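Dropping the structure in here first, questions after.
The values are calculated or read from the model by the stated rules, or taken from the named source; none is laboratory data. The model shown is predicted, which means the values in this text are computed figures rather than measured ones. Neighbour counts run over all protein chains shown; Cβ positions are idealised from the backbone, glycine included.
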Amino acid sequence: MPTDCISYQNSGYFSPLMNDYLDKKNNLSSLYNRFPTLENYKEQILEKQANFNETSRKTLVSILQKQYLNVETSVLTKQNIDALSNTNTFTVTTGHQLNLFSGPLYFLYKIISTINLTSELKAKYPTYNFVPIYWMATEDHDFEEINYFNFKGKKFRWNKESTGPVGRLSTDGLADFLEVYKLELGSSTNAETLKKLFKDSYLAHNNLADATRFLANALFGDYGLVILDADNADLKRNFIPFVKEELLHQSSHKLVLETAEKLKEYTIQVNPREINLFYIEDNVRERILFEDGKYKVNHTKIEFSETEILTLLENHPEKFSPNVIMRPLYQEVILPNLCYIGGGGEIAYWLELKSYFESVKITFPMLLLRNSVLLATEKQAKKAEKLDLNWSDLFSKQALLVDSKTNKLSEFSIDLAHLKEQLHQQFEMLYAIANKTDESFIGAVKAQEKKQTKGLENLEKRLLKAQKRKLSDVLHRITDLQNELFPNQSLQERQTNFSEFYLEYGENLIPIIVKQLKPLNNIFDTIVL
């Protein structure tokens, strides 16, 4: 079976910004603190240790203990929560939306990257403790992004109205959803496990935050994962000074815009608002605007004077929700965090934030691109071997793959470059003659050269098409295999839910992935199950 390795840069699925970040291009060096190598974590530890409000650890541990009260918690997770009280304990964090039943596969890869990095750090720096954190995006309000998942090519969607923070959303209605999903699962042992997992996660909990915590803990609790819901008044109390600064001075807007200018040759991930905060209640999450000397809540009639909004902040900090620009700062204020692990889009917007962090004197974390994975069955790997395909072939764009394999499988060369060269030489001789006669003849030679070159190019295209028809059987098998591994000609990890593989491999699935992934290697892993 294929054994070649593919770097992120050569996979064809990462943006120019991410490729340049991974290549440590000089034009980006001012936008991050330290590049994530094992050796660089020593300085990051010392900087965070000197620049973290240690009194906030007590609040963090207290909140986590309350959030885990009704959760069956592993010994390792309990130890990790308790360890956060100690000044020699640091976190590695990933964040993710509350996608229904975890959403696409990369939910797993984010968390496994985080777990595995803490293991590597523990081995390298044994005098410190390192805790993997999953930051649930409970305050997001874009329900349409998370209310579905794909299973065996079908989209299962939860049809429900939602206007507030999704973590507070009631799970009512998911019993009917489960009945539809169960019909697709069948009745195998692994299918019954999945049905029970969905039921215990979503039907036994009243809101999406509690349901997602249960699910993530069921999948990763044995690895010591700590799951945090930061939609909490006591946690936000530590963030009050930064919210106040944003309300009164809007400093993030100017600083992030200046940094974005340094990234103008790339696609900018997010643009800052003048005030990067939302006002939230159970059914409301709307932008805070400053207009005509008043603080107004967008799309509502709610408004405050400066005195009123600052009083509200002191008494009810939970009513203020950071947006994509300020959420990273909130995370780094309340966690003793060393590194954020995310996808390419997330790392891109973090790169816009370093000058803002410096202005408020909060240590900027190291930024690590999460592991990316292609899962293949042994049958698929054997098919690839039989078709003489390596993994690089299968990562190619389908049109290029088909052309490449047609050329390789053809009994003769489809490339007519040698004939084009012969034609070019013939016309060089004609030009030599033309230069000795009337200028009008040169034009005739040029026209004829263009016509005959175009004719050869058309013949080459027709020859390629003819060979594709002749080789259609094997080419169809190649494209069928690629379509299995890259559904909708996209990355599997962005399309497929874990349950599709769990149905076949059960409780062995996650340990297999955990064993193979190395978060600091920058390799697009292919795992043959």
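Being under 17 Å from LEU400 (Cα atoms) and at pLDDT 75 or above is the filter here; which residues of region 442-474 pass it? Walk me through how you get there before you give the answer.
Start the filter on region 442-474 by keeping residues that are under 17 Å from LEU400 (Cα atoms), which leaves 460-469, 471-472, 474.
Those that are under 17 Å from LEU400 (Cα atoms) and at pLDDT 75 or above: ARG462, LYS465, GLN467, LYS468, ARG469, LEU471, SER472, VAL474.
Let me ask something else. Would you say ILE527 is β-branched (Val, Ile, Thr), more than 30 Å from LYS195 (Cα to Cα) and within 24 Å of the chain's Cα centre (by Cα)? It would help to see each step written out before you state the result.
Working: β-branched (Val, Ile, Thr): yes; more than 30 Å from LYS195 (Cα to Cα): no; within 24 Å of the chain's Cα centre (by Cα): yes.
No.
Just need a number here: residues in region 392-408 that are within 10 Å of GLN482 (Cβ to Cβ) and among the hydrophobic types (A, V, I, L, M, F, W, C).
The qualifying residues number 4.
A further question on this structure: Kindly indicate which of THR114, THR163 is of a type in the set (Ser, Thr, Tyr), under 25 Å from the mean Cα position of the chain (by Cα) and farther than 28 Å from GLU39 by Cβ. So that I can check it myself, show each step before the final result.
Values: THR114 fails: farther than 28 Å from GLU39 by Cβ.
Being of a type in the set (Ser, Thr, Tyr), under 25 Å from the mean Cα position of the chain (by Cα) and farther than 28 Å from GLU39 by Cβ holds for just one of THR114, THR163, which is THR163.
Still on this structure, I have one more. Could you tell me which of the residues PHE149, PHE198 is under 20 Å from ILE510 (Cβ atoms), in contact with a strand residue (DSSP E or B) (Cβ under 6 Å, 6 or more places away or on another chain) and outside any loop (DSSP other than H, G, I, E, B)?
On the way: PHE198 fails: in contact with a strand residue (DSSP E or B) (Cβ under 6 Å, 6 or more places away or on another chain).
Matching residue, one of PHE149, PHE198: PHE149.
Results for (1) outside the structural domain of VAL75 (by TED's automatic domain parsing); (2) under 27 Å from PRO322 (Cα atoms); (3) touching a strand residue (DSSP E or B) at 6+ places or on another chain (Cβ under 7 Å); (4) not hydrophobic (A, V, I, L, M, F, W, C), shown as yes or no for each residue.
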{"position": "LYS122", "(1), (2), (3), (4)": "no, no, yes, yes"}
{"position": "TYR125", "(1), (2), (3), (4)": "no, no, no, yes"}
{"position": "GLU145", "(1), (2), (3), (4)": "no, yes, no, yes"}
{"position": "GLY153", "(1), (2), (3), (4)": "no, no, no, yes"}
{"position": "PRO165", "(1), (2), (3), (4)": "no, yes, yes, yes"}
{"position": "ALA175", "(1), (2), (3), (4)": "no, no, no, no"}
{"position": "LEU183", "(1), (2), (3), (4)": "no, no, no, no"}
{"position": "GLU192", "(1), (2), (3), (4)": "no, no, no, yes"}
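Evaluate the following for ASP231: is it touching a strand residue (DSSP E or B) at 6+ places or on another chain (Cβ under 8 Å), among the charged types (D, E, K, R) and touching a residue at least 40 places away in the same chain (Cβ under 8 Å)?
Numbers: touching a strand residue (DSSP E or B) at 6+ places or on another chain (Cβ under 8 Å): yes; among the charged types (D, E, K, R): yes; touching a residue at least 40 places away in the same chain (Cβ under 8 Å): yes.
Yes.
From the list PHE35, PHE107, pick out the single residue that is in contact with a helix residue (DSSP H, G or I) (Cβ under 9 Å, 6 or more places away or on another chain), among the aromatic types (Phe, Trp, Tyr) and closer than 30 Å to GLU318 by Cα. Working first, answer last.
Numbers: PHE35 fails: closer than 30 Å to GLU318 by Cα.
Only one candidate passes the filter, namely PHE107.
Also: Please state which one of GLU493, GLU484, GLU504, GLU500 is surrounded by fewer than 17 Cβ atoms within 10 Å (Cβ to Cβ), more than 30 Å from GLU421 (Cβ to Cβ) and under 24 Å from the mean Cα position of the chain (by Cα). Outline the logic, then answer.
Working: GLU493 fails: surrounded by fewer than 17 Cβ atoms within 10 Å (Cβ to Cβ); GLU504 fails: under 24 Å from the mean Cα position of the chain (by Cα); GLU500 fails: surrounded by fewer than 17 Cβ atoms within 10 Å (Cβ to Cβ).
The match here is GLU484.
Does region 11-29 contain at least one residue that is assigned to a helix (DSSP H, G or I) and charged (D, E, K, R)? Write out each step before concluding.
So the first thing to find is which residues in region 11-29 are assigned to a helix (DSSP H, G or I), and the list is 11, 16-22, 26-29.
Filter once more, keeping what is charged (D, E, K, R): 20.
Yes: region 11-29 contains one or more residues that are assigned to a helix (DSSP H, G or I) and charged (D, E, K, R).
Related question: For residues that are more than 27 Å from the chain's Cα centre (by Cα) and not charged (D, E, K, R), scanning just region 222-241, find the one that is surrounded by the most Cβ atoms within 10 Å (Cβ to Cβ). Outline the logic, then answer.
Of the residues in region 222-241, the ones more than 27 Å from the chain's Cα centre (by Cα) are 233-234, 237-238, 240-241.
Now narrow it down to the ones that are not charged (D, E, K, R): 233, 238, 240-241.
Working: ALA233: 12, ASN238: 17, ILE240: 14, PRO241: 11.
Taking the candidates together, the pick is ASN238.
Still on this structure, I have one more. Can you pull out the residues in region 379-406 that are over 30 Å from the mean Cα position of the chain (by Cα) and free of Cβ contacts under 8 Å to residues at least 40 places away in the same chain?
Matches in region 379-406: LYS386, ASP388, SER404.
Could you tell me whether ARG477 is at pLDDT 75 or above and surrounded by fewer than 12 Cβ atoms within 10 Å (Cβ to Cβ)?
On the way: at pLDDT 75 or above: yes; surrounded by fewer than 12 Cβ atoms within 10 Å (Cβ to Cβ): no.
It is false that ARG477 is at pLDDT 75 or above and surrounded by fewer than 12 Cβ atoms within 10 Å (Cβ to Cβ).
Looking at region 246-264 only, could you name the residues that are acidic (Asp, Glu) and touching a residue at least 12 places away in the same chain (Cβ under 8 Å)?
Just the residues of region 246-264 that are acidic (Asp, Glu), to begin with: 246, 258, 261.
Hits for region 246-264 are GLU246, GLU258.
Inside region 377-406, can you point out the residues that are on the phi < 0 side of the Ramachandran plot and charged (D, E, K, R)? Outline the logic, then answer.
Step one: filter region 377-406 for residues on the phi < 0 side of the Ramachandran plot, giving 377-387, 389-406.
The answer is GLU378, LYS379, LYS382, LYS383, GLU385, LYS386, ASP393, LYS397, ASP403, LYS405.
The rows are residues; the columns are (1) in contact with a Lys or Arg (Cβ under 9 Å, 6 or more places away or on another chain); (2) at pLDDT 95 or above.
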site	(1), (2)
ILE63	no, yes
ASP82	no, yes
SER85	yes, yes
ASN88	no, yes
ASN116	yes, yes
TYR125	yes, yes
ASP142	no, no
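Here's something else I'd like to know. Could you give every pair whose Cβ atoms fall below 6 Å, whose first residue belongs to region 179-200 and is at negative phi, and whose second residue is among the small types (Gly, Ala, Ser) and surrounded by 17 or more Cβ atoms within 10 Å (Cβ to Cβ), counting only separations of at least 6 or pairs across chains?
Between residues of region 179-200 that are at negative phi and residues that are among the small types (Gly, Ala, Ser) and surrounded by 17 or more Cβ atoms within 10 Å (Cβ to Cβ), the close pairs are LEU185/ALA191; LEU194/SER499.
If you check every pair at least six apart or on different chains, which have Cβ atoms under 8 Å apart with a residue in region 350-378 that is over 30 Å from ASN508 (Cβ atoms) and not assigned by TED's automatic domain parsing to the domain that holds ASP393 first and a residue that is at pLDDT below 95 and among the aromatic types (Phe, Trp, Tyr) second?
none
Mind listing just one residue for me: the one in region 1-41 that is surrounded by 17 or more Cβ atoms within 10 Å (Cβ to Cβ) and hydroxyl-bearing (Ser, Thr, Tyr) and, of those, farthest from GLN398 (Cα to Cα)?
So the residue we want is TYR41.
When region 149-163 is examined, which residues are found to be buried (at least 17 other Cβ atoms within 10 Å of the Cβ) and at pLDDT 95 or above? I'd like the intermediate steps shown before the answer.
To start, the set of residues in region 149-163 that are buried (at least 17 other Cβ atoms within 10 Å of the Cβ) comprises 149-151, 156, 158, 162.
PHE149, ASN150, PHE151, PHE156, TRP158 - these are the residues of region 149-163 that are buried (at least 17 other Cβ atoms within 10 Å of the Cβ) and at pLDDT 95 or above.
Moving to a separate point now. Hey, can you tell me all the residues within region 261-282 that are more than 27 Å from the chain's Cα centre (by Cα) and surrounded by 13 or more Cβ atoms within 10 Å (Cβ to Cβ)? Spell out how you get there, then give the answer.
Of the residues in region 261-282, the ones more than 27 Å from the chain's Cα centre (by Cα) are 281-282.
Listed by number, the list holds a single entry, GLU281.
All but one of (1) over 22 Å from ASN70 (Cα atoms); (2) surrounded by fewer than 12 Cβ atoms within 10 Å (Cβ to Cβ); (3) of a type in the set (Lys, Arg) hold for LYS182; state the number of the condition that does not hold.
Evaluating LYS182 over (1) over 22 Å from ASN70 (Cα atoms); (2) surrounded by fewer than 12 Cβ atoms within 10 Å (Cβ to Cβ); (3) of a type in the set (Lys, Arg) leaves (2) as the failure.
For the list (1) surrounded by fewer than 19 Cβ atoms within 10 Å (Cβ to Cβ); (2) at pLDDT 95 or above, I need the number of the one condition that GLU411 fails.
GLU411 satisfies all of (1) surrounded by fewer than 19 Cβ atoms within 10 Å (Cβ to Cβ); (2) at pLDDT 95 or above except (2).
Can you give me the number of residues within region 198-221 that are of a type in the set (Lys, Arg) and either under 22 Å from the mean Cα position of the chain (by Cα) or buried (at least 23 other Cβ atoms within 10 Å of the Cβ) (or both)? Step through it out loud before you land on a result.
Going through region 198-221, the residues of a type in the set (Lys, Arg) turn out to be 199, 213.
Within this subset, residues satisfying the condition of being either under 22 Å from the mean Cα position of the chain (by Cα) or buried (at least 23 other Cβ atoms within 10 Å of the Cβ) (or both) are 213.
The total comes to 1.
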